[in-house]
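Inspection log for the structure reproduced underneath, given as C-alpha cells.
The values are calculated or read from the model by the stated rules, or taken from the named source; none is laboratory data. Here the structure is a predicted model, which is why all the values come from computation and not from measurement. Backbone-built Cβ (ideal geometry, glycine too); neighbour counts: all protein chains shown. Heads up: the accessible areas ignore ligands, DNA and RNA and are worked out on the full protein's heavy atoms, side chains in. Shrake-Rupley method; radii C 1.70, N 1.55, O 1.52, S 1.80 Å.
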Amino acid sequence: MASRAYSPACLTVSVIDIKRLRQDPEGSRARLLRRGDGALNGTLDAILDLDLQRRELLVRTESLKAERNAASDEVARRKRAKQPADDLMERLKASGEEVRQLDLQLREVETALDQQALALPNFPLDQVPDGDAAANRVLRSWGTPPSLDFTARPHWELGASLGLFDLAAGVKITGSGFPLFSGLGARLGRALANFMLDLHTREHGYLEISPPYLVNRDTLTGTGQLPKFAEDVYASPADDLFLIPTAEVPLTNIHREDILEARDLPAAYVAWTPCFRREAFSHGKDTRGLIRVHQFDKVELVRIVSPESSAEEHEKMTSHAETVLQRLELPYRVIELAAGDTGFASARTYDIEVWAAGVGAWLEVSSSSTFTDFQARRANIRYRPTPKAKPELVHTLNASGVAFPRTIIALLENNQAADGSVRIPEALVPYMGLERLTPRA
C-alpha cells in the first residue's frame, strides 16, 4: 500500500538530477544536445550558474547564522555576568538585516533555478539513434497493406456515405477539429473502447481507471506538459484547471507524492478518455477528415515500474498496443524515434503507425515511451526496493492503446469494398453487433 510523502513545493533538487549536472556538466551537455536544440546550451549554463550562486548563498547564509547564534549566546552570557553587550547587540542588528537580504536573494535564485530546471528535457537513452525525424528507423512491421482493385476512397467520403460522422456539424457547434459522431459512428467508438478495455484488463493485467478530465497545475507539471507546452492545453483560468491532453496525465499522477512498496510494482493502469489538444503550431496540417483533431478518444496505458525492469516493461507495453492492431487486422509498423524527434519528457519512444489505404499514408495511432525517472522526479513518485529501505525513484512509461481517430480511418479505408460498404474486423463484430457497414439509401 502506498504511503503519502511530504514534498516542499517545487524544490529544484526534486525536478532534475542537479548532482549529475554538477559532476559531469560536459557529458550532460553532450547528451542533451543530441536532441538537436542548441538553445539547451543556454539553459544548462543558466542552471549551472544559478546552482553555484545558490550554493554560495547557502554557505554565506549558514555561516552568518552560525555567527549570530554564537553572538546571541555571548550576549546572554554577558547579561548574566552584568557585563556590557552593546557592541554585540549592534552587530546582531546589522547581521540580522544581512541575513534577511541573503534570504531574499536565495529565494530569487531558487525561483529562477526552478524555472530553468523545469525547462530542461529528459536525457535520451544511449541506444536512441542520433539525428532528427529523418533518422527515425523502422524496427518491425506486421501485416500487408491491402491491394484494392478500385480507387480507394478517403475516410471523410466513406464516413459521410455511411452516416458515421458529421464534420460540418462539429464545426458549427464548436469549430474545426471537433468531430461529431452519430449512429453507427458513435457505436463504433464505443465498440473500440470496450474491445480495447476488455483486452487490456483481461489479457494484459491492467487496472481500469475512470479519471477526472480536468487536472490541476501540479499534475500537468508532474508529467511534463507544464510549463513547456502551456500553449497546447485547454485551460479554465478561473479555476486554474486544465483539460487533459491524454489520460497519461491523471493516471501517472495517481501516485504523485507517494512512496510505493516493491510489491506494488509494476502498477499498470488503463483508461478510456477524451483528449483535448490545442496544437497551437499545427495550423494547416492534415486538416481534412479525422487525421488531426483537437478532441479525440483514446485508450491509454500507464506502467509504473522499478528502474531495473524499465527496458523490459517498455517492450511489453509496446506489444500490448501492437496486439490491439493485430486483433483489428490493421497493418502497422513500429518506428524508433531519433533523439532529435523524441518528446520533451521521453527518454525513448516507439511510434506505431497504421497504413490507411484511402489517404495512402502511414498514420501514427500510438506512441510508446519510457520516461525513466524524469516524471517520477517531477511528481516525486518513489518506492522502497526492500522493506524499510531508503525510497528510490520509480520509472514511468505510457503508450496509447490506442487512439481512435486514425484507427477509425484505417478501419474504414482498408476494409472498404467497391460498393461503398466496409467490413468490420472479426474481433470487433461482437462489440458492434454487425459484420458490415453499408451506405445509407
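The table that follows gives values for the structure above.
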quantity	calculated
P(r) weight above 31 Å for the chain, C-alpha pairs, percent	50
Solvent-accessible surface (1.4 angstrom probe) belonging to L184, in square angstrom, nearest 10	50
Area accessible to solvent at K65, 1.4 Å probe radius, in Å²	70
Cα pair distances in the stretch 224-348, grouped into 10 Å bins until the bin that holds the longest one, percent each	10, 32, 40, 16, 2
Protein-only accessible surface order, largest first, of D166, D218, D149 at 1.4 Å	D149, D218, D166
Normalised contact order of the stretch 209-314, rounded percent, pairs of Cα under 8 Å and 6 or more residues apart	29
Equivalent ellipsoid semi-axes, the stretch 148-220, via Cα gyration tensor eigenvalues times 5, rooted, Å	30, 22, 11
Residue-level accessible surface for L214, protein heavy atoms, 1.4 Å, Å²	80
Inter-label distance for A39 and K172, nm, one decimal - labels placed 7 Å from Cα along Cα-to-Cβ	4.2
Mean accessible surface per residue for the chain, computed with a 1.4 Å probe while every protein chain stays in place, in Å²	47
Listed residues G177, L214, L64: farthest to the positive end of the dipole of the chain (Cβ charges)	L64
Rounded D (µm²/s) - the stretch 129-276, Kirkwood Rh over Cα pairs, Stokes-Einstein at 10 °C, 1.306 mPa s	82
Largest-first principal axis extents of the Cα set of the stretch 226-281 (Å)	42, 22, 20
The stretch 288-441 - percent of accessible surface contributed by carbon and sulfur, probe 1.4 Å	45
Summed residue charge, Cβ within 12 Å of A247's Cβ, Lys/Arg positive, Asp/Glu negative	-3
Helical mean residue ellipticity (222 nm; -39500 (n - 2.57) per DSSP H run of 4+; nearest 500) of the chain	-12500 deg cm²/dmol
Candidates R55, R378, R78: whichever shows maximal mean-square fluctuation once the chain is modelled as a Gaussian network with Cα springs under 10 Å	R78
Cβ-defined net charge surrounding D86, 13 Å radius [Lys, Arg +1; Asp, Glu -1]	+1
For G224, net neighbour charge (Lys/Arg +1, Asp/Glu -1) across residues whose Cβ lies under 11 Å away	+2
Full-extension gain in nm, L92 to A230, via 0.36 nm per residue minus C-alpha separation	45.0 nm
Derived scalar couplings ³J(HN,Hα) [the stretch 31-37; Karplus, 6.51 cos²θ - 1.76 cosθ + 1.60; whole Hz; x for Gly, Pro]	5, 5, 6, 4, 6, x, 10
Translational diffusion of the stretch 364-409, µm² s⁻¹ [Kirkwood Rh, Cα pairs; Stokes-Einstein; 25 °C; 0.890 mPa s]	195
Semi-axes of the equivalent ellipsoid for the stretch 302-418, Cα gyration tensor, largest first, Å	34, 14, 10
Calculated over the stretch 289-356: convex hull of Cα atoms, volume per residue (Å³)	135
